[in-house]
Amino acid sequence: MNDLKILSLGAGVQSSALALMIAHGEIEMVDAAIFADTGAEPQAVYDWLDWLEKQLPFPVYRVMEKQGLTASALKINISKTTGLHYFKTSIPMRAKHENGTAPPLHRHCTTDYKIIPIYRKVRQLLRKKQRCLMIIAISLEELTRATPARVKYVTNAWPLINKRLSRHSCVQWMKKHNYPVAPRSACVYCPYHSDQQWKHLKNHEPVAFAEAVAFETEWHKKYDAIPYEKSMHKYKAFLHKSLVPLAEVNFDTPTDQTSFLKDMDEECEGLCGV
């Protein structure tokens, strides 16, 4: 028995469409939506969320950790056991190892700045012994992302999958109902951006792109200041798969995205509420 129905709202295409479908009565009503704010979304997403909230018949709670993702991702900690320096909250930047591979750094951003804040708010809303049905806007082509909740008091549900709706279906639904199409919801410096997305930021959201460049520049500055023998991260990491500083990347040059796209099975727009 679930006592509370909550929409995980990422303010991207799928969750925005799902929120509006609920408002239209096409999906069962929820008690509220929760938007976990990393503090690193482009302004277009915040502007969109301001508009979206006014269209919905249920409240939207915005939750955010006291220290935003950017500050946390640039903070260096020192291990008490090994004395090694490491970044407090790592994002999946890539670094080329001596064996030629370029795996992403272990990612903490989704758990620390999306999942945990949402669960914390759910706990605040639940009364004793109540449970929550978490409505998640994973679409049909993202079926592998539909995983169980990480806590016992939450049960996940995926209405878009049940209705056989894809991301394209969500876009068409919004156009059919004369709604503008939501912007893509992702941190400005998300390493899972495709070249097309990076190019869009650079050409159409220059402030957001400049924030991404500044983040990488500051990360490199802090990394370079750590003596090699004291660093837990032995290889310098980059936001772009080419392992070139973002400001120097030519996004019109074709790159091999095959292996990179495999990583996007767990990219933020899939796990952070789309």
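Before moving on, here are some points about what is shown:
- For the residue pairs Lys114/Lys234; Lys80/Lys221; Lys80/Lys114, the C-alpha atoms sit more than 25 angstrom apart in Lys114/Lys234; Lys80/Lys114.
- Look at the alpha carbon pairs under 8 Å that are at least 6 residues apart: their mean separation over the length of region 128-205 gives a relative contact order of 25 percent.
- For the chain, the residue among Leu140, Leu69, Leu4 whose Cα projects farthest onto the positive side of the dipole built from Cβ charges is Leu4.
- Nearest 10 degrees, 0 to 90: helix 43-53 Cα axis against the chain principal axis: 10 degrees
- Scalar couplings 3J(HN,Hα) for region 206-214, obtained by applying the Karplus form with A = 6.51, B = -1.76, C = 1.60 to θ = phi - 60°, are x, 5, 5, 5, 5, 5, 5, 4, 5 Hz; x denotes Gly and Pro.
- The magnitude of the dipole of region 1-86, with charges of +1 and -1 set on the Cβ of Lys/Arg and Asp/Glu and taken from the Cα centre, is near 500 debye.
- Spatially, region 193-239 and region 120-138 are offset by 35 Å when compared through their Cα centroids.
- Computed on region 1-146, with alpha-carbon pairs under 8 angstrom and 6+ residues apart, the relative contact order is 31 percent.
- Of the GluC sites (Glu not before Pro) found in region 40-123, those that fall in a DSSP loop while having at most 16 other beta-carbon atoms within 10 Å are Glu98.
- Ordering Gln43, Val154, His106 by Cα displacement along the dipole of the chain toward the positive end leaves Val154 in first place; charges were set at the Cβ atoms of Lys, Arg (+1) and Asp, Glu (-1).
- Within the accessible area of region 181-227 (1.4 Å probe), percent carbon and sulfur: 56 percent
- The angle between the Cα long axis of helix 195-204 and the longest principal axis of the Cα atoms of the chain comes to about 80 degrees, rounded to the nearest 10.
- For the chain, the mean residue ellipticity at 222 nm estimated from helices alone is -9500 deg cm²/dmol, where every DSSP H run of n ≥ 4 contributes -39500 (n - 2.57) and the total is divided by all residues, rounded to the nearest 500.
- Take the Cα of Lys80, step 7 Å toward its Cβ, do the same at Gln172, and the gap between the two points is 5.7 nm.
- Region 4-86: trypsin sites (Lys or Arg not before Pro) in DSSP loop, at most 10 other beta carbons within 10 Å: Lys54, Lys66, Lys80
- Of the residues Ser185, Ser166, Trp198, the one whose Cα sits farthest toward the positive end of the charge dipole of region 147-201, with +1 on the Cβ of Lys and Arg and -1 on the Cβ of Asp and Glu, is Ser166.
- Evaluated with a Cβ-only charge set (Lys, Arg +1; Asp, Glu -1), region 198-248 carries a dipole of roughly 180 debye about its Cα centre, given to the nearest 20.
- Of the accessible area of region 11-110, computed with a 1.4 Å probe over protein heavy atoms only, carbon and sulfur atoms account for 51 percent.
- Magnitude of the charge dipole for the chain, about its Cα centre and with charges confined to Cβ atoms of Lys, Arg (+1) and Asp, Glu (-1), is about 1100 debye.
- Cβ-Cβ FRET estimate between Glu98 and Thr147, R0 fixed at 35 Å, reported to 0.05: 0.55
- Based on protein heavy atoms only, the chain ends up with 50 Å² per residue of surface accessible to a 1.4 Å probe.
- Rounded, prolate or oblate (a/c below 1.5 giving rounded, otherwise prolate when a/b exceeds b/c) for region 119-216 by Cα gyration tensor: oblate
- Between 0 and 90°, nearest 10: helix 13-23 axis offset from the chain longest Cα axis: 20 degrees
- Hydrodynamic radius of the chain per Kirkwood, over alpha carbon pairs, in Å: 19.8 Å
- With contacts taken as Cα pairs under 8 Å and at least 6 residues apart, the chain reaches a relative contact order of 27 percent.
The values are calculated or read from the model by the stated rules, or taken from the named source; none is laboratory data. None of these values were measured; they are calculated from a predicted model. Glycine gets a Cβ as well: all are built from the backbone with ideal geometry, and neighbour counts include every protein chain shown. Accessible surface is based on the protein model in full, side chains and every heavy atom, while ligands, DNA and RNA are left aside. Shrake-Rupley method; radii C 1.70, N 1.55, O 1.52, S 1.80 Å.
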